[in-house]
Amino acid sequence: MKESLKLINSFLYSFVVAFSSLHYIFLLPLIIVLFMERESFFQIIKKLVLLNTFILVLVFFVYFQNSSEAFSLLIRTNLILLFNITLFYKSKGYDIVRGLDSLSFPPKIVSVFYFTLSLITFLTKDFKETKNTLKARGFVSNTSIFTYQTYGNIFGMIFIKELKKSEDMKLSMKARGFKDRIFFINSNKIILFEKVLSCTIIVVLLKVGYELFN
């Protein structure tokens, strides 16, 4: 329930900000989530700044065609990004998969997300271990042929390992009688801030809807 509520809030806020006129009321949900994650504020801003390096390139090209649209794009994108980064800052990928399951997404889609995330986790872990091994052996990255060969061997080795792990996972699930559905233990506890956030987003929706039809 908790994870599904986050996904719903994320979708509603992103949809409203993206497709309606900019309004100061959009800051209210943002202030709430930032207050919830106030201890990680600077880390969140750091992530936002990093993502803005890509957004600014797009805004730069739009600016020469329509400066007001470029400004609107920059504001909307940052509102949506900051809200979602903050909302899911402490969430792990499996929380999102659990949320999809709570929202009654087809079991096959949930399973695909789950296994994809599992393999990405394995891939990340193997890459970090290999990187630490190279560092321990005194490997220094440069523009030599040896460096390119080393990276080529590493990526090839990791790719083969992941293929083997995916096959092992397939055989393991098959042996356990897997029938396209993964069962999750969902948390039904919703904290006060989450209730306030949901109510605030509903108020934003009502405000936008009222202005749209009046």
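Any chance you could count how many residues in the stretch 150-185 are surrounded by fewer than 11 Cβ atoms within 10 Å (Cβ to Cβ), among the aliphatic types (A, V, I, L, M) and at pLDDT 80 or above?
3
One line per residue, one yes/no per condition, for (1) in a helix (DSSP H, G or I); (2) within 30 Å of residue 33 (Cβ to Cβ); (3) in contact with a Pro (Cβ under 8 Å, 6 or more places away or on another chain); (4) of a type in the set (Val, Ile, Thr):
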{"residue": "130", "(1), (2), (3), (4)": "yes, no, no, yes"}
{"residue": "139", "(1), (2), (3), (4)": "no, no, no, no"}
{"residue": "143", "(1), (2), (3), (4)": "no, no, no, yes"}
{"residue": "148", "(1), (2), (3), (4)": "yes, no, no, no"}
{"residue": "165", "(1), (2), (3), (4)": "yes, no, no, no"}
{"residue": "168", "(1), (2), (3), (4)": "yes, no, no, no"}
{"residue": "173", "(1), (2), (3), (4)": "yes, no, no, no"}
{"residue": "204", "(1), (2), (3), (4)": "yes, yes, yes, yes"}
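Mind checking which residues of the stretch 60-73 are farther than 22 Å from residue 11 by Cβ and surrounded by 14 or more Cβ atoms within 10 Å (Cβ to Cβ)?
Within the stretch 60-73, 62, 63, 70, 71 qualify.
As an exercise: evaluate residue 69 against (1) over 30 Å from residue 6 (Cβ atoms); (2) of a type outside the set (Phe, Trp, Tyr); (3) not in a helix (DSSP H, G or I) and give the number of the one condition it does not meet.
It is condition (3) that residue 69 fails.
The conditions are (1) surrounded by 12 or more Cβ atoms within 10 Å (Cβ to Cβ); (2) over 30 Å from residue 39 (Cβ atoms), and residue 77 fails exactly one of them. Which is it?
For residue 77, the exception is condition (2).
Do you know which of the residues in the stretch 89-106 that are assigned to a loop (DSSP other than H, G, I, E, B) and out of contact with any Asp or Glu (no Cβ under 8 Å at 6 or more places or on another chain) is nearest to residue 200 (Cα to Cα)? Don't jump to the end; show me each part of the working.
Applying the first criterion (assigned to a loop (DSSP other than H, G, I, E, B)) to the stretch 89-106 yields 89-92, 103-106.
Next, from what is left, pick out any that are out of contact with any Asp or Glu (no Cβ under 8 Å at 6 or more places or on another chain): 92, 103-106.
Details: 92: 24, 103: 21, 104: 25, 105: 26, 106: 30 Å.
The residue in question is 103.
Need the failing condition index for residue 210 against (1) surrounded by 13 or more Cβ atoms within 10 Å (Cβ to Cβ); (2) under 30 Å from residue 22 (Cβ atoms), just the number.
If we test residue 210 against (1) surrounded by 13 or more Cβ atoms within 10 Å (Cβ to Cβ); (2) under 30 Å from residue 22 (Cβ atoms), just (1) comes out false.
List pairs: first residue in the stretch 1-17 and closer than 10 Å to residue 88 by Cβ, second residue among the hydrophobic types (A, V, I, L, M, F, W, C) and outside any helix (DSSP H, G or I) anywhere in the structure, Cβ distance under 7 angstrom, at least six positions apart or on different chains.
Short answer, once both residue conditions are applied: 6/88; 7/103.
The values are calculated or read from the model by the stated rules, or taken from the named source; none is laboratory data. Worth saying up front: this structure is predicted, and the values here are computed from it rather than measured. Glycine also receives a Cβ, built like all others from the backbone with ideal geometry; neighbour counts cover every protein chain displayed.
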